[in-house]
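Undergrad: If you scroll down you'll find the structure; I have some questions about it.
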Amino acid sequence: MKVAVLGAGAIGAYVGAALHRAGADVHLVARGPHLAAMRQHGVRVLSPRGDFTARARATADPAEIGPVDFVFLGLKATSYAACGPLIEPLLHGSTAVVAAQNGIPWWYFHRHGGPHDGHRVESVDPGGAVSAVLAPERAIGCVVYAATELEGPGVVRHLEGTRFSVGEPDRTRSARCAAFSEAMVAGGLKCPVEAELRGDIWIKLLGNISFNPISALARATMGEMCRHGGTRRVIEIMMNETLAVATALGCRPDISVERRLAGAERVGDHRTSTLQDLERGRPLELDVLLAAVVELADITGVPVPTLRTVHAISDLLASRTAA
């Protein structure tokens, strides 16, 4: 199995290291000091489950890699529309793209069935720009439950979680999903193939849609947000509004708001990815987390006043960061 990790940051490098340990032919695409460190020393993973080093090949030029069986997409969703020149050299007729994306993915309504089948979510696929680069037919959905950080160039700190749920948009249990799952498991990760992956998407989104924008607005960690009574109540309302949108789309995530809050509280004083991006002056990945759900509320007629309020304020913050 030949795998390219496009965007070998904290999550991408961690997955690439695990797949390399399983014997896959792994190629990491990165840049700058992180790339230089991986070329010289490999990927060093520091984890409560045991430290290890994976000496996978690393490059800044996907043309050096050529076509692969799987592209693990570790880029931020904000980069998808512009990634054509990077991903095109990696594709052959049956290359699958495993998109480790938070929020609502561009392929969400691809082979969804029902009244919204084929609907394009403008917030995540503006004008079809993402679909033009990443054909939905290639997509394998991936919901990441692992938390990692780049501790330094070439060094990934694994904090918790090893689950990467995958699934086909059309809900079939495909051979390509099974092959990818087997390789991930061989590398020491959990990788269940879920027929109803959209349920996992909404479960993960319950946390991302609430904690991520609030963390950026308040400059607060997960633990601080959970411990502050007023903020915790706002997050609870946002989660309930999100569940109402999911239900209106025919998806009923198997989790309660109380359980989702308890899980977040156990994470402790961890900074969300959005807060980390804000601190580093990077674009904020809020369209796929928040704007998309507000858009889905519009097409389903679900009232989401708190989501709209937080979206308005965080969108201003995102626009100032982009500027």
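Undergrad: Where in segment 1-59 are the strands (runs of 3 or more DSSP E), entirely inside, with at least 2 residues that are over 28 Å from Arg271 (Cβ atoms) and either over 23 Å from the mean Cα position of the chain (by Cα) or touching a residue at least 60 places away in the same chain (Cβ under 8 Å) (or both)?
TA: In segment 1-59, the matching strands (runs of 3 or more DSSP E) lie at 2-6.
Undergrad: Looking only at segment 1-30, which residues are open to solvent by 10 Å² or more (accessible area, probe 1.4 Å), touching a Leu at 6+ places or on another chain (Cβ under 7 Å) and under 14 Å from Arg157 (Cα atoms)?
TA: Those that are open to solvent by 10 Å² or more (accessible area, probe 1.4 Å), touching a Leu at 6+ places or on another chain (Cβ under 7 Å) and under 14 Å from Arg157 (Cα atoms): Gly9, Ala10.
Undergrad: Of (1) of a type outside the set (Lys, Arg); (2) more than 24 Å from Leu316 (Cα to Cα); (3) surrounded by fewer than 16 Cβ atoms within 10 Å (Cβ to Cβ), Ala218 satisfies all except one. Which?
TA: (2)
Undergrad: What's the number of the condition Thr242 fails, among (1) polar (S, T, N, Q); (2) modelled with pLDDT of 95 or more; (3) within 25 Å of Gly16 (Cα to Cα)?
TA: (3)
Undergrad: Okay, moving on. Which of the residues belonging to segment 144-199 are at pLDDT below 95 and of a type in the set (Phe, Trp, Tyr)?
TA: Across segment 144-199, the qualifying residue is only Tyr145.
Undergrad: Another question, then. Among the residues of segment 60-69, write down those that are open to solvent by 10 Å² or more (accessible area, probe 1.4 Å) and not in a loop (DSSP other than H, G, I, E, B).
TA: Ala63, Glu64
Undergrad: Can you confirm whether segment 72-93 contains a residue that is in contact with a His (Cβ under 6 Å, 6 or more places away or on another chain) and assigned to a loop (DSSP other than H, G, I, E, B)?
TA: Within segment 72-93, not a single residue is in contact with a His (Cβ under 6 Å, 6 or more places away or on another chain) and assigned to a loop (DSSP other than H, G, I, E, B).
Undergrad: Another question, if that's okay. Could you check Ile203 against (1) open to solvent by 40 Å² or more (accessible area, probe 1.4 Å); (2) within 19 Å of Leu307 (Cβ to Cβ) and say which number it fails?
TA: (1)
Undergrad: Would you tally the residues in segment 83-99 being under 20 Å from the mean Cα position of the chain (by Cα) and open to solvent by less than 10 Å² (accessible area, probe 1.4 Å)?
TA: Number satisfying all stated conditions: 8.
Undergrad: Considering only segment 137-159, state which residues are of a type outside the set (Val, Ile, Thr), under 16 Å from the mean Cα position of the chain (by Cα) and closer than 22 Å to Leu197 by Cα.
TA: Across segment 137-159, the qualifying residues are Ala139, Gly141, Cys142, Tyr145, Ala146, Ala147.
Undergrad: If I ask for residues that are at positive phi and in contact (Cβ under 8 Å) with a residue 12 or more places away in the chain, which ones from segment 98-151 would you list? Quick ask: steps written out before the conclusion?
TA: At the first step, the residues of segment 98-151 found to be at positive phi are 103, 111, 113-114, 118, 127-128.
The answer is Gly103, Arg111, Gly114.
Undergrad: Among the numbered criteria (1) in contact with a helix residue (DSSP H, G or I) (Cβ under 9 Å, 6 or more places away or on another chain); (2) within 26 Å of His158 (Cα to Cα), which one does Pro33 miss?
TA: With respect to (1) in contact with a helix residue (DSSP H, G or I) (Cβ under 9 Å, 6 or more places away or on another chain); (2) within 26 Å of His158 (Cα to Cα), Pro33 is out only on (1).
The values are calculated or read from the model by the stated rules, or taken from the named source; none is laboratory data. Please read all numbers here as calculations on a predicted model, not as lab measurements. When we count neighbours, we look across all protein chains shown, and the Cβ atoms used for this are built from the backbone with ideal geometry, even at glycine. Note: areas computed on protein heavy atoms with side chains; ligands, DNA, RNA excluded. Shrake-Rupley method; radii C 1.70, N 1.55, O 1.52, S 1.80 Å.
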